[in-house]
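Trainee: Please find one structure pasted underneath; my questions will follow.
Every read-out reported here was derived from the displayed coordinates using simple, explicitly stated rules and does not represent laboratory data. Owing to the predicted nature of the structure, the values given are computational and were not obtained by experimental measurement. Positions of Cβ are backbone-derived with ideal geometry, glycine not excepted, and every protein chain shown enters the neighbour counts.
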Amino acid sequence: MALLTPVPYDTKIDFIRQRFISMGVSLFISIASIVGLFTIGLNYGVDFKGGYLLEVRSEKPFDLSLLRGKLDALGFGEVKLQEAGSPNDVMIRIEKKEDENSTQNVTIQKVKEALGEDVQYRRIETVGPKVSEALKRNGILAVVCALLAMLVYIWFRYEWQFGISGIIALIHDCITVIGFYVFTGFEFNESAVVAILMTAGYSINDTVVIYDRIRENMRKFKKTSLIDLINRSVNDTLSRTVLTSSTTLIALFSLYFFGGKVIEDLALPMIVGIGTGTYSSIFVSSVLLLYFKPPRGEDFTPEVEVVAPAR
């Protein structure tokens with residue numbers, strides 16, 4: 001009995017013919033994300049801005065407007081309130097002002113006095129400006145080092161044309177995830193760096209599978225044009241790509257709906273990243289090879305249509 005799959009094994013979809021549409025969409029998303037990054041900016045969390053994070057629980061549901069008024073009256077920096085799974089659980093983020101002279105203990109004590117005694121403190125964290133700057137620097141360094149390491153790996157495993165194409169696709173994926181944070185206002189914290197790195201890792205895994213098939217078909221079909229060869233290779237691996245992405249997304253959606261607030265903030269950006277990585281593996285990284293033209297070997301002669309002379 002044949003296995004039921006969402007994609008047949010013998011597809012003949014002409015992906016390359018749609019390259020102008022797909023590349024246009026990718027270019028639009030990338031430019032919009034970059035422009036949004038410099039105009040709208042990221043909603044940095046306490047991890048990157050410095051400040052105080054408190055997760056509190058009460059027996060009665062919180063009145064967020066009343067709670068915000070009490071905290072604003074303390075004269076601290078920007079105050080953000082967010083339900084942490086239920087109306088009885090609230091996450092409080094207080095930005096630390098640059099000219100703030102209060103010590104950590106004094107600030108936390110003032111917050112506790114404002115909240116009253118009928119509150120349980122599940123988590124209290126403090127991030128200083130030096131720590132937040134170090135986190136920003138280390139986060140950027142982690143992403144850049146990961147991309148460079150992948151570039152070197154693909155360069156030595158294949159040819160430089162494959163390496164450059166793969167890294168351009170990865171940069172596209174990372175920028176798209178950043179754009180998600182920009183336009184949705186999701187808090188950009190340490191979890192965001194994890195989501196970007198996992199997106200890059202997943203995307204390059206999909207890309208390498210397609211590149212393996214392209215290189216294999218280059219040796220097998222030496223007279224086939226590069227357009228037809230890339231189309232054949234993407235179709236050969238399409239079922240595997242869709243199945244892998246589908247199972248990964250099922251797990252991520254389960255985490256998003258049932259994993260709680262903390263897991264939800266990580267799962268949703270990863271869902272966007274996995275979808276973007278799958279798209280770029282099919283429509284971006286493979287299509288870019290057309291423009292960089294990897295070597296086919298000295299014995300390559302493209303197929304030409306033989307037309308009989310007219311009589």
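Trainee: For the stretch 235-249, name all the residues that are aliphatic (A, V, I, L, M) and more than 17 Å from the chain's Cα centre (by Cα). I'd like the intermediate steps shown before the answer.
Mentor: Keep residues of the stretch 235-249 that are aliphatic (A, V, I, L, M), which gives 238, 242-243, 249.
Of everything in the stretch 235-249, those that are aliphatic (A, V, I, L, M) and more than 17 Å from the chain's Cα centre (by Cα) turn out to be L238, V242, L243.
Trainee: Which of the residues spanning the stretch 218-240 are surrounded by fewer than 19 Cβ atoms within 10 Å (Cβ to Cβ) and hydroxyl-bearing (S, T, Y)?
Mentor: Correct list: T224, S225, S239.
Trainee: Follow-up. Could you tell me whether any residue of the stretch 192-201 is within 22 Å of I92 (Cα to Cα) and touching a Phe, Trp or Tyr at 6+ places or on another chain (Cβ under 7 Å)?
Mentor: Residues of the stretch 192-201 within 22 Å of I92 (Cα to Cα): 192-193.
Right, trim to touching a Phe, Trp or Tyr at 6+ places or on another chain (Cβ under 7 Å) and you get 192.
Checked the stretch 192-201: at least one residue is within 22 Å of I92 (Cα to Cα) and touching a Phe, Trp or Tyr at 6+ places or on another chain (Cβ under 7 Å).
Trainee: Still on this structure, I have one more. Considering only the stretch 169-178, I want to know if a residue exists there that is surrounded by fewer than 17 Cβ atoms within 10 Å (Cβ to Cβ), among the polar types (S, T, N, Q) and in a helix (DSSP H, G or I). So that I can check it myself, show each step before the final result.
Mentor: Residues of the stretch 169-178 surrounded by fewer than 17 Cβ atoms within 10 Å (Cβ to Cβ): 171.
Then keep just the ones that are among the polar types (S, T, N, Q); that gives none.
No; the residues of the stretch 169-178 include none that is surrounded by fewer than 17 Cβ atoms within 10 Å (Cβ to Cβ), among the polar types (S, T, N, Q) and in a helix (DSSP H, G or I).
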